[in-house]
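The values are calculated or read from the model by the stated rules, or taken from the named source; none is laboratory data. All of these numbers come straight from a predicted model, not from anything done at the bench. Cβ sites come from the backbone with ideal geometry, for glycine too, and all protein chains shown count toward neighbours. All accessible areas refer to the heavy atoms of the entire protein, side chains included, with ligands and DNA or RNA removed. Shrake-Rupley method; radii C 1.70, N 1.55, O 1.52, S 1.80 Å.
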Amino acid sequence: MWQEILESQRGEDPPRLSVEDAIILYDEADFNLLRSVAMERRRYVNRGNTVTYMIDRNVNYTNVCTINCHFCSFYRTPGHAESYTQSYEQISKRISELEDVDGVRVLMQGGVNPELPLKWYTDLIQYLREKHPSIDLDCFSPIEIEGIAEVCGKTTLEVLNELKNAGMHGLPGGGAEMLVDDVRLGLSPMKGSAENWLRVMHEAQSLDLTTSATNVFGFGEKTLHRVKHMEKIRNLQDKALANGWEGFTSFIAWPVQLENNVFGRRSRRRNQTQVGAGPTEYLRHVAISRLFFDNIKHIQGSWPTMGLEVAQMALFGGADDIGSTMMEENVVSASGTEKTCALEAELQETVRRAGFNASRRDSDYNLLDTPDVSSNVQEFPAPPPLQPV
Ligand code: SF4
């Protein structure tokens, strides 16, 4: 059965993969065959032999949050001794450091901080826009937008509009986790339903803000839930494209991290072994996402949670992008990842050793001039380049 489904996915214009067939492939398909068909698809969708990456920086402007997601080790409640909110000058200094290394985008996300009014956000964006005109400001996530809307008494669309007018470039797809309420509401009861995330993203896309879609998995959910998450994103993308909007630039998935958070402690106490995900499961997830998303062009390999080696393997199974330098990361890393920054040379070298050409990109996946900064480490020879389709 899986053989026929997988075979049907070959070629330039295969039929859309149904949820039912995706589940069969996810659970049953031969690992290497699945990945090779995903690789073939990637070569039809993104022709040539280029793998992209971006020089950017994460800034986590506040860790104050009232949402209390069970898998989060980053947030602090209002008034907590370890809570912080960075000043405009502190944020700007971080962006200046990004400019020093040819950065093009800042990804600024934080908690849902009830102490900050909308004006704090719009003034911040305007301030950064003026001080750093060449840096794209991809900021906040749907739940932060909802939090701001609640504080200021406006709709989320009005909040997004004001942020865009202030100079915000994009709304990253953080906080999607698992867009299936059976799973979601048990992990983040205060985060609201999947529909909220989808609605705010739809509004952002209607305003031509750059958006991406994310997915955290490994909460003990079923394959059905994972594919249903993808289906909701695919459906939303259909709507965006039907409206003539850009929609999601990319899909990025990673397994939940289990250290230092309620979810991890609870799972260990219950001796739950079916949480998190190892490299093989992650690579299956990447391959299925490549085949399932016939309307999203870019699939990213995630090095912060899986390591550069596994992210490199993802390039042979559907991914065409290896993420970004990040420079710092404080949210996922609070739950266990150790590597929170990649040098441009590391990303280039990872891509080159896999036989691809590395190219800088911007937040909208436009290719940028790319100096070769990869190191000259030569302990083992790079494999020959694969032939493009
Ligand atoms: S994941 Fe985000 S929304 Fe949830 S508790 Fe952490 S900071 Fe708050």
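Specify the residue that is least open to solvent (accessible area, probe 1.4 Å); the eligible residues are those in the range 194-224 that are over 19 Å from the mean Cα position of the chain (by Cα) and within 23 Å of Val159 (Cα to Cα). Outline the logic, then answer.
So the first thing to find is which residues in the range 194-224 are over 19 Å from the mean Cα position of the chain (by Cα), and the list is 206-207, 220-224.
If we keep only those that are within 23 Å of Val159 (Cα to Cα) too, we end up with 206-207.
Numbers: Ser206: 53, Leu207: 34 Å².
For the range 194-224, the residue satisfying everything is Leu207.
With (1) open to solvent by 70 Å² or more (accessible area, probe 1.4 Å); (2) closer than 29 Å to Leu343 by Cα; (3) in contact (Cβ under 8 Å) with a residue 24 or more places away in the chain as the list, and Leu128 as the residue in question, which single condition is left unmet?
Evaluating Leu128 over (1) open to solvent by 70 Å² or more (accessible area, probe 1.4 Å); (2) closer than 29 Å to Leu343 by Cα; (3) in contact (Cβ under 8 Å) with a residue 24 or more places away in the chain leaves (1) as the failure.
Conditions: (1) open to solvent by 60 Å² or more (accessible area, probe 1.4 Å); (2) at pLDDT 95 or above; (3) of a type in the set (D, E, K, R). Asp372 meets all but one. Number of the miss?
Every condition holds for Asp372 apart from (2).
What number of residues within the range 178-215 are in a loop (DSSP other than H, G, I, E, B), within 17 Å of Asn68 (Cβ to Cβ) and away from the ligand (no atom under 14 Å from the Cβ)?
Total meeting the criteria: 1.
Return the residue satisfying two criteria in turn: it lies in the range 131-152 and is charged (D, E, K, R) and assigned to a helix (DSSP H, G or I), and of such residues it is surrounded by the most Cβ atoms within 10 Å (Cβ to Cβ).
To start, the set of residues in the range 131-152 that are charged (D, E, K, R) comprises 131, 136, 138, 144, 146, 150.
Filter once more, keeping what is assigned to a helix (DSSP H, G or I): 131, 144, 146, 150.
Values: Lys131: 15, Glu144: 27, Glu146: 22, Glu150: 13.
Only one residue fits best here, namely Glu144.
Could you list, in sequence order, the residues of the range 357-369 that are in contact with a Gly (Cβ under 9 Å, 6 or more places away or on another chain) and crowded, with 17+ Cβ neighbours inside 10 Å?
Initial filter on the range 357-369 (in contact with a Gly (Cβ under 9 Å, 6 or more places away or on another chain)): 357, 363-364.
Passing the criteria: only Ser363.
I want to confirm something. Restricting to the range 167-191 and keeping residues that are farther than 23 Å from Asn58 by Cα and among the acidic types (Asp, Glu), which single residue is nearest to the chain's Cα centre (by Cα)?
Asp181
Just the residues that are open to solvent by 60 Å² or more (accessible area, probe 1.4 Å), touching a helix residue (DSSP H, G or I) at 6+ places or on another chain (Cβ under 7 Å) and touching a residue at least 40 places away in the same chain (Cβ under 8 Å), please, taken from the range 107-125.
Correct list: Pro114 only.
So which residues in the range 231-265 are within 29 Å of Val200 (Cβ to Cβ), open to solvent by 50 Å² or more (accessible area, probe 1.4 Å) and in a helix (DSSP H, G or I), if there are any at all?
The answer is Lys232, Asn235, Asp238, Lys239, Leu241, Ala242, Val262.
Please determine whether any residue of the range 154-161 is more than 16 Å from the ligand (Cβ to nearest atom), open to solvent by 50 Å² or more (accessible area, probe 1.4 Å), assigned to a loop (DSSP other than H, G, I, E, B) and modelled with pLDDT of 95 or more.
yes
Check Leu17 against each of (1) open to solvent by 10 Å² or more (accessible area, probe 1.4 Å); (2) in a loop (DSSP other than H, G, I, E, B) and name the one condition it does not meet.
(1)
Provide a single number: the residues in the range 22-46 that are surrounded by fewer than 17 Cβ atoms within 10 Å (Cβ to Cβ) and either aromatic (Phe, Trp, Tyr) or modelled with pLDDT under 95 (or both).
Matching residues across the range 22-46 total 2.
Quick one: which helices (runs of 4 or more DSSP H) sit completely within the range 269-342 and have at least 2 residues that are modelled with pLDDT of 95 or more?
Those helices (runs of 4 or more DSSP H) span 279-292, 308-314.
Pairs, please: C-beta under 6 Å, at least 6 apart or cross-chain, first residue free of Cβ contacts under 8 Å to residues at least 40 places away in the same chain and in the range 70-91, second away from the ligand (no atom under 13 Å from the Cβ) and open to solvent by 70 Å² or more (accessible area, probe 1.4 Å)?
Final answer for the pair search is Arg76/Glu82.
For the condition within 14 Å of the ligand (Cβ to nearest atom) and closer than 21 Å to Ala277 by Cβ, what is the one hit in Gly174, Gly218?
Within the list Gly174, Gly218, the selection yields Gly174.
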